[in-house]
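Here's the structure we're looking at; comments come further down.
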Amino acid sequence: RRMGFRWVPRPARGTYGRTIRFNVATPREASGRLSDRLETGLREETFLRIEYSDPSPHEAAGTLNALISRYVDEAAKQKREKLTQLAAVLDSQVTEQAQRLRSAEENLEGFRVSTITLPREDAPQLSAGLQATSSSAYGSYIEMRTQRDNMRRDRRELDEVLARISRGEAAIDAFHTIPSARAAPDLQKVLGELSGAEAELRTMLTRYTDEWKGVKDLRERIRVLRDQTVPVYAQALSRRLKELEDELTQRIEASERDLRQIPTRAQNEARLRREVEQNDALFRSLSISQQEARLAEASAIPDLRILDSAETPTEPSKNSSTSLILIGFVAGLGLGVGLALLMDKLDRRVRYPEQVSQGLGLSILGTIPQIRHHGASPEEAAQVIEAFRSVRLNLMHSFEQGSVVSLAISSPSPGDGKSLIASNLALSFAEAGYRTVLVDGDIRRGDLHRTFGLERRPGLLDYLSGESDTASILRPTTHVNLMAVPCGTRRRQGPELLGSARMQDLINVLRGRFEVIIIDTPPLGAGIDPFVLGTATGNLALVLRAGETDRQLAEAKLQVLDRLPVRLLGAILNDVRVGEGAYKYYAYSYGYLASDEETSGQLPAVKR
């Protein structure tokens, strides 16, 4: 097998140490030798009879049985592969034909949509799903030409009547013979007034002479109507007819252009319809052939079957289940270890202290264990208190003796627990007797006022904007040595106010009144606020949440801090499972809980 053979003879007992000579043949040579020892013949053109000769009857039966089984399987395989290939070809053809049919339908639809408003042939057109008959484009064209000719004739007659009136002829009655004049309500109204005035004049002349003032006035009115008013209305009607005539002329010209394009559009639409019909017929034919091929493939049975086969062994020659189980166990164990190492390599979160001290180059100021808000034991509470005392001690020795401890506390991303660290660290300093002030510098989402039960306004931004003074923003807390400054009224220009000179003035005022100044800032990834506040205090402590903080994000933000006049004091690891894994040496020994001694007449009992 090491040389590539698929089968190796197994020597029987008593053959060890003996030399066995054998020849190696290629598969083609072996098949040629096998065919020389085979005899085949057809019986009744339906049954194939195969005979094989070999000195060993068992080997002859096994070889012949394997041969006929392979022959039947290969025949079935070739038939199935042929049907599978045919079905695959039909699948691709059906898909391509479906795309061509869809393209042809889209082309027809686009053509019909683009030409739906254009004139069509005189024959009624049936829309898809709707039975609507379109009007004859040619009939509409003839009707528009007839209207234009009628308007042109009426306009000419109007102009002729106006010319006669201008020459002094009595041609008022000619207006009634012009159809457009009869259809003009304003002109008919004026003509009616003129007719009424003339009738009234005839009535008055039967009783009065021409010298009577009423007759003169009525004659003057008739003259004005005949010579001025009627011509004005007639001229207006003539101009209106001219405008309508020009408009109809444009429409007739456009209709003529559209009518000339009707045969071309009809031919294009007929061609697109033929393409859709041809593609649809071909798609239907291919779909039927595809279904028939799939059915034949699913129900394919070999054309040959074995009527008489050799008996098979009842027991396996080799049982390899134990070795397979062992190989699977070893492979699974190796795969699990490799996967664990790969996941640890690709994990970008802070997991170990070495990733902070060596990877980020930060000194660890302390580790804060996981804080349970409910059901925490006194020993767990003592662990938390001692952790903050340790951070407090490291921070005190980060400054010169007698100087004010002034620092900003931030984190790379939200959710790292910087506000929790800032508030508890301020309480720790206050417990130690230091006059401490806690400033909520998170002007965007600051929430420290709720922690201490204070009003948010006025606060830091109100002071920076000049609306409040120092006394109004400093709020006392439940601890006598701790004062708090809430974030105040949130403003859009808050980041600019943090970088103003008034912020530095506030830091100087607080340094004169307090021994410890702690500013809670937004995360480094939230904007420039933490960088501005870190520059204002000159010192910054970074909070990293174990198992959550992104190391690459923290490293990117530290590169920004390198270019600013800010002293990075170190990192505070939050939410650490002390006593487990890499943090097992950061836990404090149990049994050393600090408590008040009982003052009674009896000595306290000694507890071991």
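Observations on the structure shown:
- Of residues in region 41-97 being hydroxyl-bearing (Ser, Thr, Tyr) and in a helix (DSSP H, G or I), the one farthest from the chain's Cα centre (by Cα): THR63
- Inter-residue pairs, beta-carbon under 7 Å, first under 18 Å from ALA236 (Cβ atoms) and free of Cβ contacts under 8 Å to residues at least 60 places away in the same chain and in region 174-199, second in a helix (DSSP H, G or I) and among the acidic types (Asp, Glu), 6+ apart: ILE178/ASP154; ILE178/GLU157; PRO179/ASP154
- Count - residues of region 155-176 that are surrounded by fewer than 11 Cβ atoms within 10 Å (Cβ to Cβ) and either touching a Pro at 6+ places or on another chain (Cβ under 8 Å) or in a helix (DSSP H, G or I) (or both): 1
- Single residue of region 549-567 satisfying the filter (open to solvent by 60 Å² or more (accessible area, probe 1.4 Å) and either without any contact (Cβ under 8 Å) to a residue 12 or more places away in the chain or in contact with a strand residue (DSSP E or B) (Cβ under 6 Å, 6 or more places away or on another chain) (or both)) that is nearest to ALA387 (Cα to Cα): ARG567
- Within region 45-78, the set of residues being modelled with pLDDT of 80 or more and charged (D, E, K, R) comprises ARG49, GLU51, GLU59, ARG70, ASP73, GLU74, LYS77.
- Note on region 244-296: residues that are acidic (Asp, Glu) and open to solvent by less than 70 Å² (accessible area, probe 1.4 Å) total 7.
- Residues that are under 19 Å from ALA75 (Cβ atoms) and open to solvent by 100 Å² or more (accessible area, probe 1.4 Å) within region 45-57 comprise GLU45, THR46, ARG49, listed in sequence order.
- Qualifying residue in region 355-366 (condition: over 23 Å from LEU544 (Cα atoms) and modelled with pLDDT under 75): no
- Flag if LEU162 is over 60 Å from the mean Cα position of the chain (by Cα), touching a residue at least 60 places away in the same chain (Cβ under 8 Å) and more than 15 Å from LEU225 (Cβ to Cβ): no
- The set of residues in region 206-222 that are free of Cβ contacts under 8 Å to residues at least 24 places away in the same chain, surrounded by 12 or more Cβ atoms within 10 Å (Cβ to Cβ) and under 28 Å from ALA184 (Cβ atoms) comprises LEU218, ARG219.
- Residue list for region 6-27, filter: modelled with pLDDT under 70 and of a type in the set (Phe, Trp, Tyr): TRP7
- Scope region 58-82; condition open to solvent by less than 90 Å² (accessible area, probe 1.4 Å), without any contact (Cβ under 8 Å) to a residue 40 or more places away in the chain and not hydrophobic (A, V, I, L, M, F, W, C); matching residues: THR63, GLU74, GLU81
- The set of residues in region 487-502 being surrounded by 14 or more Cβ atoms within 10 Å (Cβ to Cβ), of a type in the set (A, V, I, L, M, F, W, C) and farther than 30 Å from ALA432 by Cβ consists of LEU497 alone.
- Helices (runs of 4 or more DSSP H) fully within region 403-486 counting 2 or more residues that are surrounded by fewer than 21 Cβ atoms within 10 Å (Cβ to Cβ) and under 43 Å from the mean Cα position of the chain (by Cα): 418-431, 448-451
- Candidate set from region 21-32 (those that are in a loop (DSSP other than H, G, I, E, B) and under 24 Å from TYR52 (Cβ atoms)); member that is least open to solvent (accessible area, probe 1.4 Å): ALA25
For every residue, the table says whether it meets (1) within 50 Å of the chain's Cα centre (by Cα); (2) assigned to a helix (DSSP H, G or I); (3) modelled with pLDDT under 80.
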position	(1), (2), (3)
ILE252	no, yes, no
GLU269	yes, yes, no
ALA281	yes, yes, no
SER285	yes, yes, no
SER289	yes, yes, no
LEU304	no, no, yes
THR314	no, no, yes
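- Region 504-530 residues that are at pLDDT below 90 and surrounded by fewer than 18 Cβ atoms within 10 Å (Cβ to Cβ), paired with ones that are outside any loop (DSSP other than H, G, I, E, B) and among the basic types (Lys, Arg) (beta carbon under 9 Å, 6 or more apart): GLY525/LYS557
- Filter pass, GLU198 being in a helix (DSSP H, G or I) and either surrounded by 12 or more Cβ atoms within 10 Å (Cβ to Cβ) or modelled with pLDDT of 85 or more (or both): yes
The values are calculated or read from the model by the stated rules, or taken from the named source; none is laboratory data. Note that this is a predicted model, so its numbers are computed, not measured. All Cβ positions, even for glycine, are placed from backbone atoms using ideal geometry, and neighbour counts span all protein chains on display. Side chains included, ligands, DNA and RNA excluded: accessible areas come from the protein's heavy atoms. Shrake-Rupley method; radii C 1.70, N 1.55, O 1.52, S 1.80 Å.
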